Amino acid sequence: MKKSVPVSEVMTKNIVRLSLSDELSTAEALFKKNHIRHLPVVDKERIVGMVSYNDLLRISFADAIDVDGEEIETTVYDMFSIEQVMTKKVVSISSATSIEEAGRLFLSYEFHALPVVDEDNLVGIVTTSDVIRYFLSED
């Protein structure tokens with residue numbers, strides 16, 4: 001296995017992202033539309049936070065069902081901003097970081113996505129799924 005291969009080989013480069021001015025309902029729509037679980041929050045191209053689908057689930061009553069089986073419409077997202085929900089202390093890596101090192105960070109910090117930042121600009125995102133897929137594809 002080539003453990004020293006840089007994450008630039010497996011990262012997602014077309015990044016779906018949020019800005020601080022976006023609504024939480026926008027985040028939910030992006031998660032569902034793109035079948036993803038992590039969204040970087042940016043100010044221009046500089047990462048300022050991360051929002052995970054689990055972050056939304058923690059505060060959300062969306063998709064709740066009442067006793068009659070009807071969906072309950074809620075406005076819980078209106079009570080919070082992206083900035084209140086996002087993780088602000090973001091661990092990031094450069095595109096030259098090895099896939100092995102990314103895997104070690106996932107194990108150490110117990111999160112599932114790392115923004116890839118070069119010269120203060122968000123250039124990609126790598127997830128645990130990307131790393132697992134890479135190691136499973138190796139001969």
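The values are calculated or read from the model by the stated rules, or taken from the named source; none is laboratory data. Worth saying up front: this structure is predicted, and the values here are computed from it rather than measured. Every residue, glycine as well, gets a Cβ built from its backbone with ideal geometry; the counts of neighbours run over all protein chains shown.
General observations
- Residue within the range 91-98 that is of a type in the set (Val, Ile, Thr) and buried (at least 17 other Cβ atoms within 10 Å of the Cβ) present: yes
- For the range 6-26, the set of residues classified as under 15 Å from GLY49 (Cβ atoms) and polar (S, T, N, Q) consists of SER19, SER21, THR26, listed by residue number.
- Among the residues making up the range 107-139, a single one is assigned to a strand (DSSP E or B) and of a type in the set (Asp, Glu): ASP118.
- Qualifying positions in the range 1-33 - in a loop (DSSP other than H, G, I, E, B), more than 19 Å from VAL123 (Cβ to Cβ), among the hydrophobic types (A, V, I, L, M, F, W, C) and in contact with a strand residue (DSSP E or B) (Cβ under 8 Å, 6 or more places away or on another chain): LEU20
- Subset of the range 54-69 [modelled with pLDDT of 85 or more and surrounded by 14 or more Cβ atoms within 10 Å (Cβ to Cβ)]: ASP55, LEU56
- Of the residues making up the range 34-53, at least one is more than 14 Å from the chain's Cα centre (by Cα), assigned to a strand (DSSP E or B), over 28 Å from PHE135 (Cβ atoms) and modelled with pLDDT under 95.
- All positions within the range 75-90 that are crowded, with 17+ Cβ neighbours inside 10 Å and either in contact with an Asp or Glu (Cβ under 9 Å, 6 or more places away or on another chain) or not aliphatic (A, V, I, L, M) (or both): TYR77, ILE82, VAL85, MET86
- Residue among ILE93, ILE132 that alone is out of contact with any His (no Cβ under 8 Å at 6 or more places or on another chain), more than 18 Å from LEU57 (Cα to Cα) and at pLDDT below 95: ILE132
- Residue selected from the range 102-111 under the condition buried (at least 16 other Cβ atoms within 10 Å of the Cβ) and not small (Gly, Ala, Ser), by the criterion farthest from SER129 (Cα to Cα): LEU105
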